[in-house]
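See structure below.
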Amino acid sequence: MPTAFQKELVTLAHRLADLCALVAIVLEEATRSALESDHTLGGRVREDAAAVAALGAACEDQACALLALHAPREGEVKAVVAAIHTAADLTRMGGLAREVAEPRGPVPAAARPALAGLGSHAVDVARALQEHLAGGDGAGFDEAVALVAVAEGELREWAGGGDGPRGARAAVDVALVAAVYGRFAATAVRVARRTAVFAPVGA
């Protein structure tokens with residue numbers, strides 16, 4: 001029968017899953033903002049990213065309270081530490097989503113399909129990670145990560161062909177955004193690997 005500590009750890013796991021769900025929403029909005037050059041939506045992305053940071057901090061506080069209020073065993077301590085790092089990484093992912101929505105020039109028509117695909121795959125990464133954190137199998141996570149890498153490569157290839165002052169500026173913007181998505185997926189991979197330790201009973 002799960003102990004009180006394990007029950008609280010399950011609650012924390014689901015709270016982290018909720019945090020990841022919010023990250024996915026923020027990235028989806030950020031991608032739309034970038035594609036449509038919608039600065040109003042970009043403002044909402046910044047607000048939602050701030051909400052991610054607040055929830056991430058609350059998760060870290062809850063994890064620290066678990067250590068302070070209980071006398072966990074070594075394996076349980078590792079799970080709590082993994083949860084703390086997971087909250088920090090999910091907060092970082094929210095910050096990366098905010099970067100996607102930073103004001104830039106319009107996305108060139110030739111780059112829009114690849115950018116839309118990259119954003120969609122990255123959102124899929126976050127949603128599969130959410131399922132994993134909630135105790136599911138995170139089906140599709142590895143495939144989505146691989147698709148992010150492919151789409152990021154396509155955008156980098158396009159950016160390498162920019163010509164003229166305006167083309168060069170647009171190419172730099174596209175390459176920078178592509179790199180942000182790549183870091184987003186890489187951080188998600190780090191979280192997924194870590195949660196092999198963070199597997200509370202009853203999650």
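The values are calculated or read from the model by the stated rules, or taken from the named source; none is laboratory data. Owing to the predicted nature of the structure, the values given are computational and were not obtained by experimental measurement. All Cβ positions, glycine included, derive from the backbone under ideal geometry; neighbour counts span all protein chains shown. Ligands, DNA and RNA are excluded from the accessible area calculation, which covers all protein heavy atoms including side chains. Shrake-Rupley method; radii C 1.70, N 1.55, O 1.52, S 1.80 Å.
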Over every pair of different alpha-carbon atoms in the range 1-159, take the mean of 1/r and invert it; report that Kirkwood radius in Å. 16.7 Å
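For the range 60-140, just run the numbers: alpha carbon Rg, then divide by 2.2 N^0.38 Å, N being how many residues it has.
Taking N as the residue count of the range 60-140, the ratio is 1.53.
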With Cα springs under 10 Å, the Gaussian network model of the chain assigns the largest mean-square fluctuation among Ala139, Ala13, Ala97 to Ala139
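Within the set of other residues whose C-beta is less than 14 Å from the C-beta of Val80, count the net charge using Lys and Arg as +1 and Asp and Glu as -1.
On the way: positive: Lys7, Arg15, Arg73, Lys78, Arg194; negative: Glu8, Glu60, Asp61, Glu74, Glu76.
With Lys, Arg at +1 and Asp, Glu at -1, the net is 0.
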With the chain treated as a Gaussian network of Cα nodes joined by springs under 10 Å, which of Gly117, Gly167, Gly43 yields the largest mean-square fluctuation? Gly167
Roughly speaking, what is the stretch gain from Arg194 to Ala68, that is 0.36 nm per residue apart minus the C-alpha to C-alpha distance, in nm to one decimal? 43.1 nm
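What helices does the chain have that are whole DSSP H segments, at least 15 Å long along their own axis by Cα, and with mean Kyte-Doolittle hydropathy of 0.5 or more? Don't skip to the answer; put the middle values down first.
On the way: long enough: 4-36 (48 Å, 0.68); 39-69 (45 Å, 0.61); 74-100 (39 Å, 0.33); 112-133 (31 Å, 0.16); 141-159 (27 Å, 0.46); 164-194 (45 Å, 0.47).
The qualifying helices are 4-36, 39-69.
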The size of the Cβ-based charge dipole (Lys, Arg +1; Asp, Glu -1) of the chain about the Cα centre, to the nearest 20 debye, is 300 debye
Considering only protein heavy atoms and a probe of 1.4 Å, how much of the accessible area of the chain is carbon and sulfur, as a whole percent? 57 percent
Under the rule a/c < 1.5 gives rounded, and otherwise a/b versus b/c splits prolate from oblate, where does the range 82-123 land using the Cα gyration tensor? oblate
So what's the net charge close to Ala134: Lys and Arg +1, Asp and Glu -1, counting the other residues with Cβ under 14 Å from its Cβ? -1
Can you compute the modelled spin-label distance between Ala134 and Ala58, with each label point 7 Å from Cα toward Cβ, in nm? 1.8 nm
Where the centroid of each part is defined by its Cα atoms, how far is the range 94-168 from the range 25-49 in Å? 14 Å
Quick one: compute a quarter of the convex hull surface over the Cα atoms of the range 125-196 and quote it in nm². 4.6 nm²
So what is the accessible area of the range 1-158 per residue, in Å², with the probe set to 1.4 Å? 46 Å²
Can you tell me the length gained on complete extension of the stretch Thr11 to Ala110, counting 0.36 nm per residue apart and subtracting the Cα distance? 31.1 nm
GNM result for the chain, Cα springs below 10 Å: residue of Ala30, Ala149, Ala109 fluctuating most strongly: Ala109
